[in-house]
1. Give the residues of region 17-35 that are out of contact with any helix residue (DSSP H, G or I) (no Cβ under 7 Å at 6 or more places or on another chain) and farther than 24 Å from His115 by Cα, sorted by residue number.
2. Please work out which residue is farthest from ligand 1 (Cβ to nearest atom), limiting yourself to region 58-87 and to residues that are farther than 14 Å from Ala15 by Cβ and either assigned to a loop (DSSP other than H, G, I, E, B) or touching a residue at least 60 places away in the same chain (Cβ under 8 Å) (or both).
3. Ile56 versus (1) more than 16 Å from ligand 2 (Cβ to nearest atom); (2) crowded, with 19+ Cβ neighbours inside 10 Å: which is the lone unmet condition?
4. Being aliphatic (A, V, I, L, M) and within 16 Å of ligand 2 (Cβ to nearest atom) is the filter here, so list the residues in region 112-159 that pass it.
5. How many residues does region 6-48 hold that are surrounded by 20 or more Cβ atoms within 10 Å (Cβ to Cβ), over 17 Å from Pro136 (Cα atoms) and away from ligand 1 (no atom under 16 Å from the Cβ)?
6. Return yes or no: is Phe165 touching a Phe, Trp or Tyr at 6+ places or on another chain (Cβ under 9 Å), in contact (Cβ under 8 Å) with a residue 12 or more places away in the chain and of a type in the set (Phe, Trp, Tyr)?
7. Which of the residues that make up region 1-57 are at pLDDT 95 or above, part of a loop (DSSP other than H, G, I, E, B), within 20 Å of Gly209 (Cα to Cα) and not acidic (Asp, Glu)?
8. Consider Ser216 against the criteria (1) in a helix (DSSP H, G or I); (2) farther than 11 Å from Leu164 by Cα; (3) more than 14 Å from ligand 1 (Cβ to nearest atom): it satisfies all of them except one. Which criterion is unmet?
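The values are calculated or read from the model by the stated rules, or taken from the named source; none is laboratory data. Quick caveat, the model's predicted, so the values are computed rather than measured. Reconstructed Cβ throughout: ideal geometry from the backbone, glycine too, with neighbour counts over all protein chains shown.
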Amino acid sequence: MIKGVHIVPMGMANAFLIEGDDGFTLIDAGYPGKAVALFAAVRGLGHSPDRLKHLIFTHGHPDHIGSGAAIVRETGARTYMHPLDIPIAESGGPFRPLKAAPGLLRRVLCKLFFHPDERVEPVAIDRPLTAGEILPIAGGIEVIHTPGHCAGQVALLWHARRMLFAGDVCSNIMGLGDPLGFESLEEGRDSQRKLADLSFDAAGFGHGGPIVRNPSTRFRNKWGKKPTFRIE
Ligand SMILES: [Zn+2]
Ligand SMILES: [Zn+2]
């Protein structure tokens with residue numbers, strides 16, 4: 001797909017493994033019980049799990065932090081998260097409630113897959129993320145605060161490969177669209193528009209396949225400002 005990044009399926013959620021000169025970075029940690037999938041992926045690349053140096057969470061939901069504690073135990077990776085979700089990760093739940101996104105499919109899936117009273121193993125966060133900062137990891141990873149689905153949701157723009165990791169700001173299940181639910185639909189739309197303003201060559205999602213062809217255009221068509229025509 002994109003040189004230097006590997007998708008690791010961890011249940012019905014994706015994690016992304018980035019190869020840097022300085023070691024590996026993982027974006028998100030999937031559902032509980034999926035750490036072995038990550039270790040297998042790292043070994044498959046010819047390294048031992050302690051090659052993983054950084055673990056960046058896009059937000060504090062069970063399907064993104066579930067295997068975080070198990071991964072840190074084995075690798076000693078440094079953990080990163082937006083401050084608004086840190087208390088959730090460090091308690092392992094409960095989670096803030098979500099309202100299903102518009103549409104029948106997402107209403108059904110949200111009920112099926114999101115349970116706010118779920119508990120996962122707590123994972124300690126070493127380093128709070130700041131909106132707008134560029135982490136000096138793998139050639140620069142920019143932190144974009146994108147609340148709506150989750151207050152502490154961030155999207156990550158990896159400068160070296162111009163790849164966007166959208167987390168659950170949107171999904172790519174049966175096409176580019178909404179996540180299953182929102183804490184605030186209005187904020188979620190603002191965040192989707194914010195991503196549509198960016199320029200990138202590939203996009204990865206918490207759920208659904210990546211987009212490697214004209215992702216910026218697809219985002220703009222979906223959520224970007226519509227051109228205004230003036231009749232003179
Ligand atoms: Zn989520
Ligand atoms: Zn998710």
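1. Of the residues in region 17-35, the ones out of contact with any helix residue (DSSP H, G or I) (no Cβ under 7 Å at 6 or more places or on another chain) are 18-22, 25, 27, 32-34.
Those that are out of contact with any helix residue (DSSP H, G or I) (no Cβ under 7 Å at 6 or more places or on another chain) and farther than 24 Å from His115 by Cα: Ile18, Glu19, Gly20, Asp21, Asp22, Thr25.
2. This residue is Gly76.
3. The failed condition is (1).
4. Within region 112-159, the subset aliphatic (A, V, I, L, M) is 112, 120, 123-125, 129, 131, 134-135, 137-138, 141, 143-144, 151, 154-157.
The answer is Leu112, Val120, Val123, Ala151, Val154, Ala155, Leu156.
5. Counting residues in region 6-48 that are surrounded by 20 or more Cβ atoms within 10 Å (Cβ to Cβ), over 17 Å from Pro136 (Cα atoms) and away from ligand 1 (no atom under 16 Å from the Cβ) gives 5.
6. Numbers: touching a Phe, Trp or Tyr at 6+ places or on another chain (Cβ under 9 Å): yes; in contact (Cβ under 8 Å) with a residue 12 or more places away in the chain: yes; of a type in the set (Phe, Trp, Tyr): yes.
In short, yes.
7. Ala13, Ala29, Gly30, Tyr31, Lys34, Phe57
8. It fails just one condition, (2).
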